[in-house]
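Notes follow the structure.
The values are calculated or read from the model by the stated rules, or taken from the named source; none is laboratory data. Note that this is a predicted model, so its numbers are computed, not measured. No Cβ is skipped: glycine too gets one built from the backbone with ideal geometry, and neighbour counts run over all protein chains shown.
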Amino acid sequence: MATLKLKNLSKRYGKTVWGAKDINLEVHDKEFIVLLGPSGCGKTTTMRMIAGLEEVTQGIIYIEDKDVTFLPPRRRDISMVFQSYAVWPHLTVFDNIAFPLRLKKLNSNEIEKRVKEVSDLTKIEEYLERFPRQLSGGQRQRVALARALVVQPKVFLMDEPLSNLDAKLRVKMRTEMKAIHKKTQATTVFVTHDQAEAMSMADRIVIMKDGSIVQMGTTDDVYFDCEDMFVAGFIGTPPTNFLTMELQEKNGKLLLVNSAFSFEPLGENYEILKNYSNKIVVMGVRPESMQVFKEKKLESVFSREVLVTEPQGSHQIVAIELDDQIVKIVAPPFPKVDPGEIVHIGFEHDRLMFFNPETEKRIRKA
Amino acid sequence: MSHKDLKAKQTKKLIGRTIFYLFIVFIIMVILLPIYFLLSISFMSDQEAYDWPVPLGLSFRSEFKIEPVLGTSEYLISVYSRSQEEYISLIQGSKIDQMSEFLRNKTNCNVSEEKLNEAIVEVNALYETNSEKIDSLTEDISSLEKKILSLNQNIIKAKRNLSIVEGRESMEAVEEQLRADLKEYESEKQSVSLEIKEKKSVLTPLNSTSFQVFKNLFANYVTFFKVTRDSIPALMRSIQVALFTVFIALTIGGMSGYAFARYAFKGKNVLKLSTLFVRMFPGIAIAMPMVIILAEMGFYDKPIGLSLVYSVGQIALTIWITASIFMGIPVELEEAAQVFGRTRVGAFIHITLPLALPGLAASAMYAFIGSWAETAQAIVLTQFNPTFPVVVYQTMVGAKGMVNLIAAGGVTMALPAVLFTILIRKYILQMWGGVKV
């Protein structure tokens, strides 16, 4: 197992279209990295460049400090799980898994031993003699996984491997793959557009947009400490609510004001915003960082009529209308809130995030 | 009401099914009957092929009858005709070796001289023991035959008179009389000829012996190769042409098919369509220019020249077949092979090629059949080294016009194509459950 380092990695299609631009990334030994982003953001392009299936326009790829930028895929000591599994239909499951080992000219006992090991790990030992067409989607996915595991590569690449499975199986495979990673300790790069998948599996998440990395960090980092409005809006269901606020200074006090309410930023928030008086900022509030009260309380900032509620069992989502904008709040399941009811709403002030409306970047303490 | 509905439905279903089966039968008749006809004619002897109506069933032996001709030292040999259901005379003669050869050519039966001699000895013995009976019977028969002759004359006379008298007034009585006469003559003739038949059937076992000889089924094929000008070299040339064409079409067509399937480039669709453009010219139309071009290349009248011409059309077809096959094979399969240790070419050879085999086999079959049976261009593009279809064609238009020989040539021409298809059928049918992943 080893490290992977990307330096200014770029890919240009045609003359002007950049599939990926200046990707700088360092993947540590045994780390599980997830590339996350909407479709067309360049995550698959990046992965294919790491695999050697896509030519690199600029930049360098290091695997364990060795420059592999121009090596063919088979010389890079990597393995890959494809979105479509890419299990060879004319070979049995055993032959599929043994394929890379045979090319390495291992003797047949060794091959058998290693195939058995990985098929135990991926729970396909009963299907070794079958052809892929006789397997279900989930089983084929396991075969692809076993084939990737059996070579014991330095870097393990997975290109949306779970996206072709049905929802229930996907959740199950997610747990299993995490367990397998824990056992094999393989350095892994995992591409997905499913944030739930990314958050539950990753050691670190790399969020990409338009061919560049926007933010990278642990699940908590990208969730609670978003770098910009794109990340805040992309991560989390329901996504972050964005409220446009004006900072006004009155009697030496800072006030965040919008058409419905105003409140005074205190403590940390004051430190962040003190240089922005008389300017417009965007306030990002996570749905669960808002509180819903049935009675007016000290913490509540404003009152509003409930538009709709979405009961979810473990919690309920309360939607209100604010400045022609739907704001969603995640509230505890009880007490039940009914549409049309007037509720009082407060914020967890230390969870608020402020963004510059022009650059969409986070406003941090000076 | 519902009962009525049900009945109507059933009737409808019955009609539908009837039409369906009629259609199936029609298809079978249209496709299988001509093939069967061709096959059975190719196994027929000369005598059988011209024995109208030609019996369609295959026969494996012929029945011969030999009898001495009275007053000479010659013998008459007859063969049983299946369509007329009686013996018909074939040859009369005294030279055993000539007769044997004649029979072999005419009936495809190897009637050896010993066999003929044996039969002659037998029939002579028979003749001697029954000579009296035979004499009396033949006398009877000849007198009966004379009777028929005179009856025939009477009948003709009566008919002529009748045609004169008919329709005239005041001649009704004469006409009546003539009609009655005619009827009488005819009934008499019938009874006499019946008598002759009876006598003959008594006579036959007394003055003749019959014997059966197995037919040489493949005699026509042997004859075909003997009589046609260098047909075996022509066959070899044809196979050469077909295999060359398959090779050229598959390598060039297959590679371009792969390129069309895998790469995006400018003018791809136009180029792909334009490959079909060459197929729009009838082969015979471009044959003359081709003669000049091939002659300049030094390929005129050579198998390789012919296969070059055939390849042009076949490449287009192969491109279309293989492009769609390669498109059906996900590129990820190749990429996976590259990741797991194959080179690009290795991935193509070990992953894509086995998966594309059915399509390649199908286009190989098309190319083989298309170039194997092509006649029109081959006639123009060859001179001293014709291909097999040309030889068959020449036999057909030749002065001999022996139907059974042509049929034998036709079947021989069909055989390699059928064989080739049977050989590669495994690959055509070989589907890995559809190349789905």
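Table for the structure above
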| read-out | value |
| --- | --- |
| All helices (runs of 4 or more DSSP H) inside segment B:266-365 with 3 or more residues being in contact with a Phe, Trp or Tyr (Cβ under 7 Å, 6 or more places away or on another chain) | B:303-328, B:331-339 |
| Filtered residues of segment B:83-104 (kept if surrounded by 14 or more Cβ atoms within 10 Å (Cβ to Cβ) and either in contact with a Leu (Cβ under 8 Å, 6 or more places away or on another chain) or under 15 Å from B:SER45 (Cβ atoms) (or both)) | B:LEU90, B:ILE91, B:GLN92, B:ILE96, B:MET99, B:SER100, B:PHE102, B:LEU103, B:ARG104 |
| All positions within segment B:76-86 that are within 19 Å of B:ILE141 (Cβ to Cβ) and at pLDDT 85 or above | B:LEU76, B:SER78 |
| Conditions (1) β-branched (Val, Ile, Thr); (2) closer than 18 Å to A:ILE280 by Cβ; (3) exposed (fewer than 12 other Cβ atoms within 10 Å of the Cβ): number failed by A:ILE342 | (2) |
| Given (1) surrounded by 12 or more Cβ atoms within 10 Å (Cβ to Cβ); (2) of a type in the set (Asp, Glu); (3) not in a strand (DSSP E or B), number of the condition A:ASP350 does not satisfy | (1) |
| Residue satisfying all of: in segment B:164-204; among the polar types (S, T, N, Q) and without any contact (Cβ under 8 Å) to a residue 40 or more places away in the chain; surrounded by the fewest Cβ atoms within 10 Å (Cβ to Cβ) among these | B:SER170 |
| B:VAL54 aliphatic (A, V, I, L, M) and modelled with pLDDT of 85 or more | no |
| Segment B:310-366: number of residues that are in contact (Cβ under 8 Å) with a residue 60 or more places away in the chain, at the interface with another protein chain (Cβ under 8 Å from one of its Cβ atoms) and crowded, with 22+ Cβ neighbours inside 10 Å | 2 |
| Residue in segment B:16-70 that is surrounded by the fewest Cβ atoms within 10 Å (Cβ to Cβ), counting only those that are aliphatic (A, V, I, L, M) and in contact with a strand residue (DSSP E or B) (Cβ under 6 Å, 6 or more places away or on another chain) | B:VAL69 |
| Every pair of residues 6+ apart whose Cβ atoms lie under 9 Å, when the first sits in segment A:93-107 and is of a type in the set (Asp, Glu) while the second is surrounded by 15 or more Cβ atoms within 10 Å (Cβ to Cβ) | A:ASP95/A:TRP88 |
| Tabulated pairs, segment A:50-61, first in contact (Cβ under 8 Å) with a residue 12 or more places away in the chain and part of a loop (DSSP other than H, G, I, E, B), second surrounded by 15 or more Cβ atoms within 10 Å (Cβ to Cβ) and β-branched (Val, Ile, Thr), C-beta under 6 angstrom, 6+ apart or interchain | A:VAL56/A:THR69 |
| Condition met for A:GLN185 (surrounded by fewer than 22 Cβ atoms within 10 Å (Cβ to Cβ) and farther than 15 Å from A:MET201 by Cβ) | no |
| Answer residue from segment A:46-81, given it is within 12 Å of chain B (Cβ to nearest Cβ) and among the β-branched types (Val, Ile, Thr) and is farthest from A:VAL27 (Cα to Cα) among those | A:VAL81 |
| Residue, modelled with the lowest pLDDT, within segment B:226-275, restricted to residues that are under 34 Å from the mean Cα position of the chain (by Cα) and of a type in the set (Ser, Thr, Tyr) | B:THR228 |
| Failed condition for A:ILE60, given (1) aliphatic (A, V, I, L, M); (2) surrounded by fewer than 15 Cβ atoms within 10 Å (Cβ to Cβ); (3) closer than 29 Å to A:ASN164 by Cβ | (3) |
| Segment A:126-135, subset exposed (fewer than 15 other Cβ atoms within 10 Å of the Cβ) and more than 13 Å from every other protein chain (Cβ to nearest Cβ), residue nearest to A:PHE94 (Cα to Cα) | A:GLU129 |
| Selection count where residues are surrounded by 12 or more Cβ atoms within 10 Å (Cβ to Cβ) and part of a helix (DSSP H, G or I), scope segment A:248-277 | 8 |
| Subset of segment B:3-55 (residues that are hydroxyl-bearing (Ser, Thr, Tyr) and more than 22 Å from B:MET396 (Cα to Cα)) | B:THR11, B:THR18, B:TYR21 |
| Restricting segment A:96-115 to residues that are out of contact with any helix residue (DSSP H, G or I) (no Cβ under 6 Å at 6 or more places or on another chain) and within 11 Å of another protein chain (Cβ to nearest Cβ), the residue that is farthest from A:GLY138 (Cα to Cα) | A:LYS105 |
| Scope segment B:195-237; condition assigned to a strand (DSSP E or B) and among the hydrophobic types (A, V, I, L, M, F, W, C); matching residues | B:PHE211, B:VAL213, B:PHE214 |
| Qualifying position, being at pLDDT 90 or above, under 19 Å from A:THR244 (Cα atoms) and of a type in the set (Val, Ile, Thr), among A:VAL285, A:VAL306 | A:VAL285 |
| Residue ranges of helices (runs of 4 or more DSSP H) in segment A:179-236 with at least 1 members under 21 Å from A:MET80 (Cβ atoms) and out of contact with any Cys (no Cβ under 9 Å at 6 or more places or on another chain) | A:195-201 |
| Residue under evaluation B:TRP372, criteria (1) modelled with pLDDT under 90; (2) touching a Leu at 6+ places or on another chain (Cβ under 7 Å); (3) not acidic (Asp, Glu), criterion not met | (2) |
| Which listed residue is within 30 Å of A:HIS28 (Cβ to Cβ), in contact with a His (Cβ under 8 Å, 6 or more places away or on another chain), more than 11 Å from chain B (Cβ to nearest Cβ) and not hydrophobic (A, V, I, L, M, F, W, C), from A:THR192, A:THR122, A:THR184, A:THR188 | A:THR188 |
| Odd one out for A:LEU157 among (1) surrounded by fewer than 22 Cβ atoms within 10 Å (Cβ to Cβ); (2) within 19 Å of the chain's Cα centre (by Cα); (3) closer than 21 Å to B:GLU335 by Cβ; (4) not hydroxyl-bearing (Ser, Thr, Tyr) | (1) |
| Breaking point among (1) buried (at least 21 other Cβ atoms within 10 Å of the Cβ); (2) small (Gly, Ala, Ser); (3) more than 12 Å from chain B (Cβ to nearest Cβ), for A:ALA148 | (3) |
